[in-house]
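The values are calculated or read from the model by the stated rules, or taken from the named source; none is laboratory data. This one's a predicted model, so the numbers in the text were calculated from it and none came from an experiment. Positions of Cβ are generated from backbone atoms using ideal geometry, with glycine treated the same way; all protein chains shown enter the neighbour counts. Accessible surface is based on the protein model in full, side chains and every heavy atom, while ligands, DNA and RNA are left aside. Shrake-Rupley method; radii C 1.70, N 1.55, O 1.52, S 1.80 Å.
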Amino acid sequence: MKYKVLLTGNSKKLINDFFVQMDLAFECISSSLIFDDLKRHADYFKPDVFVFCMRTETRDDMITISSFHEMLKKLDIPYVAIGDNTAIDNINKIVNGEPDLALRLPISTNNIQENIQKFVITYRAEAAMRAETASQTSSAAPVDSTVDVLAKIDAEIEMMAKGISSKASSAFSAVPREPEQPWRPRILIIDDATIVHKTLKGHLDDEYEVATAINGKIALRFLQTKEVSLILLDYEMPDMNGPSVLKKLREDPYLAKIPVVFLTGINDMEKIKHALSLKPQGYLLKPINKELLLEKIHELVKKPMI
């Protein structure tokens, strides 16, 4: 699937790379740094993501982008900035200029493409999850309380992402969570590889309800609204790796009770020792052996006698 990318900025080389080297992944259109042009292109093209390709932009240019960012928020279009350290630091200083994703040069074309693809997938998943949560909550609570709950959840995830020790997390633990079916425990798989999701769901669907998340941030938001009996957690993930996710889980009095099993293909003994030092309830190497997986889950998840 091609994502539609709206491009602007003074880096002609970067923009050319999108059109020539990333044409199989992206459908691109470029615009000027004039606000009215950007607005017209956004209305006409309806991009999946906006990318600011930076090179010696003026402060006025950056203010234009910050104003356009405000419009993008209303349209639910994510904003990516690509530039050297100075350019990214400068745009971050502009009110509303800070991008949703910043890619600092030097970075390869392949990495730009991969990062943006994963970012758009994550952004859409978060938006869908937020919409689902709002829909489910609105059926049982007034609109105001739904907004309050989501605001609390988003604030908590933001604190977690910034590495802030969350003394307030116990308050968020009181947020009502969707319960599991007693005869069908819910298992959450956190892994950035969708093929792992598909494989494990195939192993588990007969006995368990399986939920998936492609990164730690989505998983933490999910866990604020759903009860889970077990977490299968990938060790190596971009942005927030498995140990970082586990640390955040352990900081929350409610989430700390959920058993966690690491899934990883690493064969580095030091990393394995580090993973075990975090005291997960289990550790399995990829490719996952179905029998070992089920044995570990049966050990940790006790289903009631029917």
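Amide H to amide H distances under 5 Å link Thr212 with Ile189, where only residues 5 or more positions off or on other chains count and H is placed in the peptide plane. For the range 1-131, a simple Cβ point-charge model (Lys and Arg +1, Asp and Glu -1, everything else neutral) yields a dipole of about 160 debye relative to the Cα centre. The calculated pair-distance distribution of the range 11-103 uses every alpha carbon pair, bins of 5 angstrom beginning at 0, and gives 3, 13, 26, 28, 20, 9, 1 percent. Taking amide H as placed 1.01 Å from N in the peptide plane, Lys226 has its amide H under 5 Å from the amide H of Glu178, each at least 5 places away in sequence or on another chain.
Ranking His41, Thr64, Ala25 by Cα position along the charge dipole of the range 20-79, where only Lys, Arg, Asp and Glu carry charges on their C-beta atoms, puts Thr64 farthest toward the positive end.
If I take R0 = 30 Å and measure r between the Cβ atoms of Asn85 and Ile63 in this structure, what FRET efficiency does the formula 1/(1 + (r/R0)^6) give, to the nearest 0.05?
In this case the efficiency is close to 0.90.
Summed over the residues of the range 174-306 and divided among them, the accessible surface reaches 49 Å² per residue at a probe radius of 1.4 Å. Packing, as the average of other Cβ atoms within 10 Å across residues, places the peptides 253-263, 39-49 in the order 253-263, 39-49, highest first.
Using 1/(1 + (r/R0)^6) with R0 = 35 angstrom and r between the beta carbons of Lys73 and His298, what's the FRET efficiency to the nearest 0.05? The formula returns an efficiency of 0.15 here.
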